[in-house]
Amino acid sequence: MTTTRTGAPLGPQHKAAIAVLALDESVAAQLLSHLGDAEMRALAKAVEELDVVPSETLSAVLGELARAMTGPVSVSRTGGRAYVERLAALSLGEPRASRLFGPTEAPPVPAIELVKSARTKTLADLLGDEHPQIAAIIMCQLPTRTAAAVLKAMPEDRSADLAKRMAAIEEIPDAAVLEASESLARALAAAGGLSNSDARSEFDGLAFVAALVNELPVDHGDALLAKVGEVDPAVAARVREAMFTFEDLLRVEQRQLGPLMRAVQSEQVVIALQTASEELRAHFFGALSQRAAQTLREDLANNKPRRIAEVEAAQRQIVETATRLAAEGTLQLPPRGEA
């Protein structure tokens, strides 16, 4: 069977195009009146991809509708795409046909993407004029490194207020993101093209701010958290806790892991280490006597697989215990930024 201009075999859309081209124009126009917009565009594209259709191919495609033909049928003889457009005008009317086959516009760039590409200082200035909660929502849409740079370019009071607000965000109204980003995009002299939506997206503001602060230079991040602490000590404490993860225990001296392991249930340690890196496991083993380390290895080997949520809960509880012991002076957590 014949192929397309590119050498690819005929697909269903090409066979449909051959059948339409073989029909009388009035019959073809009537047939096209039953097609949807997407089907019409697909048909026009298929016609463009056809070359010459030999009679044997036409017979095979048409099947019971085939009629005797003695020579090849050239798609160009029927006018190709222009022919399909003429049929569309006959069957659908000129306005709809013009919409179907008129020049297509490139999809507009979402406003939030334009905001993300703005210069740091410009974005910091623009967000400085926004309502603090709207600015916080927009900041949460930025990559943490970008958001950190924007906060760094803001006055301390403003950046601390935004960090506090971001840490409290658990749900982001998509409509609010759209409205604010389009407003900022207009301020950046660029148009956005998003549609309205009442949908909402889950968001972990605490984790976002923790990651953001970790992107800042140590002195700047500590100053920011200190400022947040002046406004809301509880939020600052939660951010500091979120900045320290279970894997960060690898940076705690082995001799200090003993008090931590004594403060939690052994089963919690076994569960928490289930998804830990080999390096962190070895770090825990090294904090124990040979006998205790061997027992822990055996417990890990014999421990049944746990759900991720259960493992994360155990890890979180151990981290919370480590943070509490650090606050009591029993355990020393490494300074942020220390390898």
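Just one of the numbered conditions (1) modelled with pLDDT of 85 or more; (2) of a type in the set (Lys, Arg); (3) loosely packed, with under 15 Cβ neighbours inside 10 Å is not true of Arg165; which one? If we test Arg165 against (1) modelled with pLDDT of 85 or more; (2) of a type in the set (Lys, Arg); (3) loosely packed, with under 15 Cβ neighbours inside 10 Å, just (3) comes out false.
Out of curiosity, is Ala314 among the small types (Gly, Ala, Ser), surrounded by fewer than 14 Cβ atoms within 10 Å (Cβ to Cβ), free of Cβ contacts under 8 Å to residues at least 60 places away in the same chain and farther than 18 Å from Gln254 by Cα? So Ala314 does not fit the description; no. In this structure, Met154 does satisfy being of a type in the set (A, V, I, L, M), part of a loop (DSSP other than H, G, I, E, B) and at pLDDT 80 or above.
Condition check ((1) in contact with a Lys or Arg (Cβ under 9 Å, 6 or more places away or on another chain); (2) modelled with pLDDT of 90 or more; (3) assigned to a helix (DSSP H, G or I)) across all residues:
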position: Gly258; (1), (2), (3): no, no, yes
position: Ile271; (1), (2), (3): yes, yes, yes
position: Ala282; (1), (2), (3): no, yes, yes
position: Arg297; (1), (2), (3): yes, yes, yes
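In this structure, does Pro132 turn out to be without any contact (Cβ under 8 Å) to a residue 60 or more places away in the chain and farther than 18 Å from Val231 by Cβ? Taking the combined requirement at face value, the residue does not satisfy it. Considering only residues that are surrounded by 18 or more Cβ atoms within 10 Å (Cβ to Cβ) and of a type in the set (Ser, Thr, Tyr), look in region 118-151 and name the one that is farthest from Ala163 (Cα to Cα). Among those that are surrounded by 18 or more Cβ atoms within 10 Å (Cβ to Cβ) and of a type in the set (Ser, Thr, Tyr), it is Thr146.
All of (1) at pLDDT 70 or above; (2) assigned to a loop (DSSP other than H, G, I, E, B) hold for Arg5 with one exception: (1). For region 116-134, does any single residue satisfy the condition of being at pLDDT below 80, part of a helix (DSSP H, G or I) and within 21 Å of the chain's Cα centre (by Cα)? The answer is yes; a qualifying residue exists.
Residues checked against (1) in contact with a Pro (Cβ under 6 Å, 6 or more places away or on another chain); (2) surrounded by 14 or more Cβ atoms within 10 Å (Cβ to Cβ); (3) of a type in the set (S, T, N, Q):
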{"position": "Leu257", "(1), (2), (3)": "no, yes, no"}
{"position": "Val264", "(1), (2), (3)": "no, yes, no"}
{"position": "Gln268", "(1), (2), (3)": "no, yes, yes"}
{"position": "Glu278", "(1), (2), (3)": "no, no, no"}
{"position": "Arg281", "(1), (2), (3)": "no, yes, no"}
{"position": "Phe284", "(1), (2), (3)": "no, yes, no"}
{"position": "Ala287", "(1), (2), (3)": "no, yes, no"}
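Among the numbered conditions (1) more than 29 Å from the chain's Cα centre (by Cα); (2) touching a residue at least 40 places away in the same chain (Cβ under 8 Å); (3) under 15 Å from Leu333 (Cβ atoms), the only one that Asp232 does not meet is (3). Only one entry of Glu182, Glu247 meets the criterion of being touching a helix residue (DSSP H, G or I) at 6+ places or on another chain (Cβ under 7 Å), at pLDDT below 80 and not in a loop (DSSP other than H, G, I, E, B), and that entry is Glu182.
The values are calculated or read from the model by the stated rules, or taken from the named source; none is laboratory data. Since the structure is predicted, the reported quantities are computational estimates derived from the model, not experimental observations. Neighbour counts are summed over all protein chains in view; Cβ atoms, including those assigned to glycine, are modelled from backbone coordinates with ideal geometry.
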